[in-house]
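One structure is given below, encoded as structure tokens.
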């Protein structure tokens, strides 16, 4: 069984929380940048990778790893709650990395109601920036992990998400996260492909181009550095492989909806509203 400590939880955070209402016939094939826990309230959802398929029915829960290539489809439509967890970059501990994910399970009636209530609360709190609401959101995110941990922390020996990916792709995803300034050409060399072959094979597995995926990872790393460091924008841009601070500022605003300076101030110096 995987051992978890409070220290390993310090740097993770609830990164997304959505109450989805998917219409009949809904489908998508874009992988998530984060670990996700789903809880299906109504309808049906199928998740398919190149080698595996899961069929979710009402009342079931599902957890997916970050960067997992999948095709998602709902035949009837679905009401679904999701919470995303961001884990650290730069070789810090990842509490989920050794779990046998993806994983589908049927929570008990009591656990289902608890998860449903807390996930709805997180989805409501996620839109607010006040410090007390952020703190409550993070606390509920940890509490949900406490509920689901007995279901997902299975004995060693089961297949993990990394085992399901070809070695070259698992290595590429790791390099994109830990060395975001790396180029597509360098990634192709480490994968043993020409650049054209690399682009085709990456898209076949991930449902997106390596350029767009690497750019999203670079911006995610920039977001983390804005929170945890005092590096100026031009230094962050250099660290993640972008040509200038101005270019990073434009790309960051387009991707996240805010300028980097605004994001840094909001995350590091949130308004406490009397708290």
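Only a single item in (1) part of a loop (DSSP other than H, G, I, E, B); (2) closer than 30 Å to residue 101 by Cβ; (3) at pLDDT 90 or above is not met by residue 208, and it is number (3). Comparison of 226, 233 shows that the only residue that is at pLDDT 85 or above, outside the structural domain of residue 51 (by TED's automatic domain parsing) and within 21 Å of the chain's Cα centre (by Cα) is 226.
Okay, residues lined up against (1) farther than 13 Å from residue 17 by Cα; (2) crowded, with 18+ Cβ neighbours inside 10 Å:
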site	(1), (2)
107	yes, yes
113	yes, no
118	no, yes
131	yes, no
141	no, yes
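Among the residues making up segment 120-135, those that are assigned to a helix (DSSP H, G or I) and at pLDDT below 90 are 125, 131, 132, 133, 134, 135.
Residues in segment 204-215 that are surrounded by 15 or more Cβ atoms within 10 Å (Cβ to Cβ) and either without any contact (Cβ under 8 Å) to a residue 12 or more places away in the chain or within 25 Å of residue 251 (Cα to Cα) (or both): 206, 207, 208, 210, 213, 214, 215. Could we say that residue 84 is in a strand (DSSP E or B), at positive phi and not assigned by TED's automatic domain parsing to the domain that holds residue 208 here? In short, no.
The values are calculated or read from the model by the stated rules, or taken from the named source; none is laboratory data. Remember, predicted model here, so these are calculated numbers, not experimental data. Methodologically, a virtual Cβ is constructed for each residue, glycine included, from the backbone with ideal geometry; neighbour enumeration extends over all protein chains shown.
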